[in-house]
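Quick notes on the structure that follows.
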Amino acid sequence: MESNVTHDCRILKGSAVSKAAEEKTQERVARLRQLGVTPTLVLLSVGEDPASQVYLRRKEEASARVGIEVRRRHWEAGDDPQDLERTLVELGEDPGVHGVLLQLPLPPGWDAQALQNLLPTEKDVDGLHPVNAGRLALGQPGFVPCTPLGILGMLRHYDIDPAGKQVVVMGRSAIVGRPMANLLSQKGVDATVTVVHSRTAGMPEICRQAEILIVAIGRRQMVTAEFVRPDATVIDVGIHRLEDATRPKGFRLVGDVDADSVKPVAAALSPVPGGVGPLTVAYLLENTVLAAERLSGPPLAPDKSGE
Ligand SMILES: NC(=O)c1ccc[n+]([C@@H]2O[C@H](COP(=O)([O-])OP(=O)(O)OC[C@H]3O[C@@H](n4cnc5c(N)ncnc54)[C@H](OP(=O)(O)O)[C@@H]3O)[C@@H](O)[C@H]2O)c1
């Protein structure tokens, strides 16, 4: 299956990283609960997108594992968006709520950007409010979208230091590509970042400069060995269903990267499934705890009582 020469491509599994992140989060939740604070996350959803239902369930299950309380609110596609708008404002004022996440995509007729603009900035645990996006761009503390945060966590977990490296981010979406590029170019992370997108000319050549290639383009298995510099680290963010009659469900999951093509060239590759996916959930939990800590004020240090 692999190439003719001995080349070991390291598989960057997300489960090991998410487990370590969840353990840390669980400790922080326990500390908050000792102080009488129950970190609480509200998941908002609209319509019946099947993938979203799966993601929401995973977020609920993971929250329960670490002790975060979850509340769900759901609207049908035909409901009045103003009701969700009012809910967003109310959640901003509710002291018992620390994190608010609006599950995307929304059905036609629902304006995701307008709704995101109503998210309470200090509870915006997916970092999509313009204030948090702006803070990230300016290098100020705020909330960073969970997927880029998870990818940075993955690189750190596997001792792949982006500092001083050439990184190419494929895709410029508000939820992955842009915040990823901003995060990597922060002081302290210190990568040299290039962003490519659907209008980029000469993309394979640019991507071949990358010591770390992060692929978030939503194009099934588009990235082949032609895009990859020998011994690069490749992070595959994409998730797609590929029909496969040999599988019980009739499909399997694949990414934006053609793994079979890339493995003989890359030094490391995050798999799909089991790579970036679990991290997005783990870092949502971390952001929720961070929000609860910030909203609960300073008396959070474990040694506050001087014991
Ligand atoms: N694992 C996870 O937890 C997770 C989380 C979020 C997303 N995802 C997956 O990651 C992928 C990307 O998600 P997204 O929300 O960022 O997607 P998106 O909003 O559709 O953005 C895709 C980006 O890729 C660019 N692009 C599209 N076709 C391209 C091409 N042929 N060459 C170069 N660039 C191209 C687009 O360029 P333009 O701006 O020029 O249109 C756009 O910037 C999807 O498969 C999604 O399902 C996974």
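The values are calculated or read from the model by the stated rules, or taken from the named source; none is laboratory data. These numbers come from a predicted model, not from an experiment. Note that we place each Cβ from the backbone using ideal geometry, even for glycine, and neighbour counts take in every protein chain shown.
Determine, yes or no, whether GLN113 is of a type outside the set (Gly, Ala, Ser), part of a helix (DSSP H, G or I) and away from the ligand (no atom under 16 Å from the Cβ). Break it down into steps so the answer makes sense when it comes.
Details: of a type outside the set (Gly, Ala, Ser): yes; part of a helix (DSSP H, G or I): yes; away from the ligand (no atom under 16 Å from the Cβ): no.
Criteria not met by GLN113.
Cβ-Cβ distances below 8 Å connect the following pairs, each with a first residue in segment 268-280 that is more than 9 Å from LEU12 (Cα to Cα) and without any contact (Cβ under 8 Å) to a residue 60 or more places away in the chain, a second residue that is within 8 Å of the ligand (Cβ to nearest atom) and not acidic (Asp, Glu), and a separation of six or more residues or different chains: VAL272/GLY238; VAL272/ILE239; VAL272/GLY255; PRO273/ILE239. Within segment 173-191, can one find any residue that is touching a helix residue (DSSP H, G or I) at 6+ places or on another chain (Cβ under 9 Å) and farther than 20 Å from THR147 by Cβ? Scanning segment 173-191, I find at least one residue that is touching a helix residue (DSSP H, G or I) at 6+ places or on another chain (Cβ under 9 Å) and farther than 20 Å from THR147 by Cβ, so the answer is yes. From the list VAL169, VAL254, VAL237, VAL176, the one residue that fits, being more than 15 Å from the chain's Cα centre (by Cα) and β-branched (Val, Ile, Thr), is VAL254. If only residues of segment 220-231 that are within 10 Å of the ligand (Cβ to nearest atom) and over 16 Å from VAL195 (Cβ atoms) are counted, the one that is farthest from the chain's Cα centre (by Cα) is MET222. If we keep just the residues of segment 232-281 that are within 12 Å of the ligand (Cβ to nearest atom) and of a type in the set (Ser, Thr, Tyr), which is modelled with the highest pLDDT? Looking at the filtered set, the residue picked out is SER270.
Output yes when any residue across segment 50-57 is loosely packed, with under 15 Cβ neighbours inside 10 Å, within 16 Å of the ligand (Cβ to nearest atom) and of a type in the set (D, E, K, R), and no when none is. Scanning segment 50-57, I find at least one residue that is loosely packed, with under 15 Cβ neighbours inside 10 Å, within 16 Å of the ligand (Cβ to nearest atom) and of a type in the set (D, E, K, R), so the answer is yes.
Restricting attention to segment 190-220, the residues that are of a type in the set (S, T, N, Q) and closer than 25 Å to GLY153 by Cβ total 3.
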